[in-house]
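Undergrad: Following this message is one structure expressed as structure tokens.
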Amino acid sequence: MDSNVSSSAKVKVTASLDAELVKAIDEFLEEAKTGSRSQLIEYALRKWHKDQKKRELESQIEQYYLSLSHEEQAEDRQWNKIAAQSAHHLWEE
């Protein structure tokens, strides 16, 4: 678990979870000898939130490229080719 958890004010939330899931959480925490249920759940939710933001950004990028005209797509391919050639020359130095 990442120890860089925010130290901002915490809000107590109550949730009902499947008994088997709670058992798995407790077994994991006992094995890892670290953290608490709250820390593990917060870590999992932070990861989920980060993944959601990443997916949203990827979707926006995809929509941008899909919105380009054929001329703009051709220009973008040319710029990509130039960038790839430049990167290749830098790596060879």
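Undergrad: Residues that are touching a residue at least 24 places away in the same chain (Cβ under 8 Å) and charged (D, E, K, R): does the stretch 29-46 have at least one?
TA: yes
Undergrad: Which residues, counting only those in the stretch 35-61, are assigned to a helix (DSSP H, G or I) and touching a helix residue (DSSP H, G or I) at 6+ places or on another chain (Cβ under 9 Å)?
TA: Of everything in the stretch 35-61, those that are assigned to a helix (DSSP H, G or I) and touching a helix residue (DSSP H, G or I) at 6+ places or on another chain (Cβ under 9 Å) turn out to be ARG37, GLN39, LEU40, ILE41.
No lab work stands behind these numbers, since they all come straight from the coordinates. Model, not experiment: these values are computed from the prediction. Glycine gets a Cβ as well: all are built from the backbone with ideal geometry, and neighbour counts include every protein chain shown.
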